[in-house]
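Worksheet: one structure, shown below.
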Amino acid sequence: MKQVVKIWILVAAMVMGGALPPQVMGDNSITTQWSAQAKNKKKSKKNKKKDKKTQNFASPSRNAKQSNKKTVVSPLSAVPTIGKTATTTAVAQQSANALLSVGIPKGVSNQVINYKAIRINFNPSLRIPNCVAYELTATMVSMADAPDHESRKNYNYAKDGNVKSCPENWEYRGSGYSRGHMAPAMDMRWDKTAMAQCFYMTNMCPQDTKLNNDHWRVLEEKVHHWAKRDKRIMVYTGPIMGKNPKMIGKNKQNIAVPDAFFKVLYAPDQGRAIAFIYNNKPCPGGISKYAVTVAEVERRTGLTFSSAIPKHQCKVDDWQ
């Protein structure tokens, strides 16, 4: 009877096309085969899932997305090119210091020169600077005043060969005017390169000799002292031109003589500003007599200084 049941089960399994459970067949070899098939089938499904996962990970589109996420970089801020650099010793910090930027009136000839310690807005037509700007720090002043500072006697006035319209030293001879530093040598004694470059003729204006040696020098000494006290000062110096300026130089017609000179001072840490205007002649009296607002300098020159600078302060007592 048991044999008949097994035969009927076998026939049914063959008709249905299914595998026989080994327990029904009672055959150890069949049990082993069925167990192996089950394991292989399970392993096959597992491998397929693994392969699919690997394919998805390696697909170009997915990798592209992941790559984009990793390589997204914020665009760098463009640094504007400011004029033409005159020498190979130009320092990046000068062009990056926004406070040194000075707006030049439309129609005025201008070439920006970034030296190591000063930025010069040079006027190729008048062959003098429109404005000379620099930052003077307490550290620079301490080095400039140290016993081993650079000595002025070791430096000579010179033409900057990279500036086409730069005057020659000899062009001032016999004119009755001094070669007046806009950025004074006393502020540059802390460094050889800074000292040499401040003697370029691009930094000079024809200046009354009495003014240059006396009252203008007193103002420069004050600035030197204030920078040491206030840690740092932005200094802007330049000429104030008349409508028909006197000319000197080759054939006495190509270097303009200013009517007056300005000096604008700004102490960023103290938020304090002041300006001075001296006529290009002997100017007796204390500095208070020549103090003006920055706005007054802008009005008389057409220059525009940084909006960070207070334009209407004029209290000498705040600086003393």
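What follows draws every value from the coordinates through simple rules; no lab data is involved. Owing to the predicted nature of the structure, the values given are computational and were not obtained by experimental measurement. Cβ atoms come from the backbone with ideal geometry, glycine included; neighbour counts cover every protein chain shown.
Spin-label pair GLN253-VAL108: with each label point 7 Å from Cα along the Cα-Cβ axis, the two points sit 2.5 nm from one another.
State whether the range 92-318 is rounded, prolate or oblate according to the following rule on the C-alpha gyration tensor (a ≥ b ≥ c being the square roots of its eigenvalues): a/c under 1.5 gives rounded; otherwise a/b larger than b/c gives prolate, and the remaining case gives oblate. Before the final figure, lay out the partial values.
Numbers: a/c = 1.36, a/b = 1.16, b/c = 1.17.
Rounded is the answer for the range 92-318, as its axis ratio a/c remains below 1.5.
Placing pseudo-labels 7 Å out from each Cα toward the beta carbon at THR193 and ARG173 gives an inter-label distance of 3.2 nm.
Can you tell me which of 197-208, 259-270 comes out highest on packing, and rank the rest after it, using the mean Cβ neighbours within 10 Å? Display every interim value, and only then the final one.
Working: 197-208: 25.5, 259-270: 20.2.
Going from most to least packed, we get 197-208, 259-270.
Paramagnetic label reach from ALA295 (point 7 Å along Cα→Cβ; backbone nitrogen cut-off under 16 Å): within the range 209-241, no residues.
Taking 0.36 nm per residue of separation and subtracting the Cα-Cα distance, full extension of the segment from ASN279 to SER142 would add 46.2 nm.
In this structure, the pairs whose alpha-carbon distance is over 32 Å, taken from LYS222/LYS252; LYS246/LYS311; LYS159/LYS222, are LYS222/LYS252.
How high is the FRET efficiency from ASP214 to ALA96, r the C-beta distance, R0 22 Å, rounded to 0.05?
Values: r = 37 Å, r/R0 = 1.67.
Efficiency at R0 = 22 Å is approximately 0.05.
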